[in-house]
1. Is there any pair with a first residue in segment 63-90 that is within 21 Å of Glu176 (Cβ to Cβ) and a second that is basic (Lys, Arg) and part of a loop (DSSP other than H, G, I, E, B) whose Cβ atoms are under 9 Å apart and which are 6 or more apart or on different chains, and what are they?
2. Here are Gly93, Gly106, Gly67: which of them is surrounded by fewer than 22 Cβ atoms within 10 Å (Cβ to Cβ) and in contact with a Leu (Cβ under 9 Å, 6 or more places away or on another chain)?
3. Working only within segment 229-240, note down all residues that are surrounded by fewer than 20 Cβ atoms within 10 Å (Cβ to Cβ) and under 17 Å from Ala212 (Cα atoms).
4. Quick check on my filter: what residues within segment 125-177 are among the charged types (D, E, K, R), assigned to a helix (DSSP H, G or I) and over 30 Å from Asp321 (Cβ atoms)?
5. Pick out the one residue from Ala233, Ala257, Ala218 that is at pLDDT 95 or above and either closer than 28 Å to Leu301 by Cα or hydroxyl-bearing (Ser, Thr, Tyr) (or both).
6. Between a first residue in segment 305-333 that is among the basic types (Lys, Arg) and a second residue that is surrounded by fewer than 24 Cβ atoms within 10 Å (Cβ to Cβ), which pairs have beta carbons less than 6 Å apart while being 6 or more apart in sequence or on different chains?
7. Residues in segment 186-201: is at least one among the β-branched types (Val, Ile, Thr), in contact with a helix residue (DSSP H, G or I) (Cβ under 8 Å, 6 or more places away or on another chain) and in a helix (DSSP H, G or I)?
8. Check Asp267, Asp321, Asp277 and return the single one that is assigned to a loop (DSSP other than H, G, I, E, B), of a type outside the set (S, T, N, Q) and modelled with pLDDT under 95.
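The values are calculated or read from the model by the stated rules, or taken from the named source; none is laboratory data. Computed from a predicted structure; not experimentally measured. Note that each Cβ is placed from the backbone with ideal geometry, even for glycine, and that neighbours are counted across all protein chains shown.
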Amino acid sequence: MQRREFIAAATGLSLGASRPPSANSVAAVPPKPVKPATRSEATAIIANARKITTPNGVERLEALRIGGIDQWVSVRGADRRNPVLLHIHGGPGYISIPMSWWFSRGWEEYFTVVQWDQRATGKTYLLTDPATVVPSLTNERMINDAEEMAAWARKTFGKDKIFVSGHSWGSYLGLELARRQPDWLHAYIGVGQMTDMPESERRGWRYAMDAARREGNAQAIRDLESIAPYAPAGRLIPLKDIYTQRRWVEFYGGTMAYRHGNDAEGDLGNLSPDYTDAEIPRIWEGNAFAERYLLSEALSLDLSQVRTLGCPLIVFAGRHDMNVNSELASDWFTAVAAPSKHFVWFEHSAHLPMTEERGKYLLSLVLYARPLAKEGADNGST
């Protein structure tokens, strides 16, 4: 049988001259709806694609008792023998689990990745009457929560030492954890590292104002002038002024490089399989709630006074970060003493390098962090 005849016989289609399709032809069959047509279908696809299927893997999403309240914890990794990486999200309240399906799947091949929605944020916010949590929304309680999470991870996975990474607000909690418990850590990894925050805020304001003037953006100039002098010494910055400054820092690429905001990252959370359809509309309620009690004080901190660490230090910094000024982080890194140090610039990132340059971020974790687990005699395997 010739090839044309074989195809015709197998498919029932004529290979002769073209003619209008009949009512019974394949061309007349209505196409099936293209999936995903709903959020639940989309998240099911993502959940299946990132499912941990390896024999010694771990995939957990559960509420644990941390700091006297239930808090949602995610644990994911391809091999329980890998080193543990506890990632502390920013904010206060800018949870990372919803976007982690995008940025941290590669991490899970080299680390057991632990994340949690801090008190009064994300899924944790939805577990407890917020009013009952307010008295505990203090810097010290948040640091203690991070310490409890680290202790839980060490015990659960049988590790003497773990890695801790802290992003933005989480870099304050992570740095404090590293100061208090250096013997628990292979290394502390600061991302969008907080240092002299009043000066960081002032530099962010100047950056946005300079950009607005270059562009002739009258609205931005008016808004920024209305909060001047911004971040004066010795005073907490009102939230409304912080939001005005952040609006224009974001608009001019200081949060995500080359973009007018961070929707490109935040919108990833809408497709998170770790949050139900009912939870998704509320995942940022905790962000707004926690900021009322923690943000202004956080921006008054001067962590540049930390000059020694008892564990290795790694800093990942976005070259364009004006949300938490990366040049200040670089200056601090130069001054601080630690058993070993490594600084990585992300040239095409601002405040969110794990999302903006996720390939380089993974490579940097593997090159600069992962080998320290061997040096620290981690009881995992490679």
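1. Short answer, once both residue conditions are applied: Ile66/Arg119; Gly67/Arg119; Ile69/Arg119; Gln71/Arg119; Val84/Lys159; Val84/Lys161.
2. Just a single option satisfies the conditions, and that option is Gly106.
3. The one that is surrounded by fewer than 20 Cβ atoms within 10 Å (Cβ to Cβ) and under 17 Å from Ala212 (Cα atoms): Pro229.
4. Listed by number, the residues that qualify are Arg154, Lys155.
5. Ala257
6. Arg307/Val336; Arg319/Trp345; Arg319/Glu347
7. no
8. Testing whether each residue is assigned to a loop (DSSP other than H, G, I, E, B), of a type outside the set (S, T, N, Q) and modelled with pLDDT under 95 leaves just Asp277.
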